[in-house]
Amino acid sequence: MRRPIKRRKVNLADLKYQSEKVGRFVNYVMWDGKKNTARATVHRALEAIREDTGGDPVEVFEAAIRNASPSVEVRSRRVGGANYQVPREVRPDRRLQLSMRWIRDAARAHKGKPFHAALATELMAASKNEGSAIKKKEDTHKMAEANRAFAHFAW
């Protein structure tokens, strides 16, 4: 018998921008439970985006998340003593999770720059289909394409 579907906790919308995705992104940026620090950092990054583009920073943020979201990924599958990288379609909640993680990690890799500035730079680059998070997505897609021959092992 299959296990029951887990009820997922609903993330609250961000108070300033009224966006559930921004509220969830704050949780991804958070370190050591310091949510106010993470919220302030994300808000500073979105304000920097507003100053640079002159438009709505939430639209730039959502475009960046949409552009960095992978549609396929590879999962390891053991068949008869051999491990195969089997391409699989990515579930929508995992797609959002991966794109937020890749954007956060790409911003953290910018050394010598305040994190809010690096985050703003990475979000603007991702919204234009550029940057490290987009490269990570393209590498994932290339890996899935290269292993397309093993798609019949999908479970």
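Values for this structure:
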{"item": "Residue count for the range 117-150, restricted to those that are in contact with a Leu (Cβ under 9 Å, 6 or more places away or on another chain), part of a helix (DSSP H, G or I), more than 13 Å from residue 28 (Cβ to Cβ) and not charged (D, E, K, R)", "result": "2"}
{"item": "Matching residues in the range 66-97 - criterion: being crowded, with 18+ Cβ neighbours inside 10 Å, within 15 Å of residue 25 (Cβ to Cβ) and in contact (Cβ under 8 Å) with a residue 60 or more places away in the chain", "result": "67, 68, 69, 96"}
{"item": "So residue 88, is it within 19 Å of residue 133 (Cβ to Cβ) and either charged (D, E, K, R) or more than 13 Å from the chain's Cα centre (by Cα) (or both)", "result": "no"}
{"item": "Spans of helices (runs of 4 or more DSSP H) in the range 1-81 with at least 3 residues under 17 Å from residue 98 (Cα atoms) and at pLDDT 95 or above", "result": "20-29, 57-68"}
{"item": "Selected residue (criterion: surrounded by the fewest Cβ atoms within 10 Å (Cβ to Cβ)) from residues of the range 98-136 that are hydroxyl-bearing (Ser, Thr, Tyr) and touching a residue at least 24 places away in the same chain (Cβ under 8 Å)", "result": "132"}
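The values are calculated or read from the model by the stated rules, or taken from the named source; none is laboratory data. This one's a predicted model, so the numbers in the text were calculated from it and none came from an experiment. As a convention, Cβ positions derive from the backbone with ideal geometry for all residues, glycine included, and neighbour counts pool all protein chains shown.
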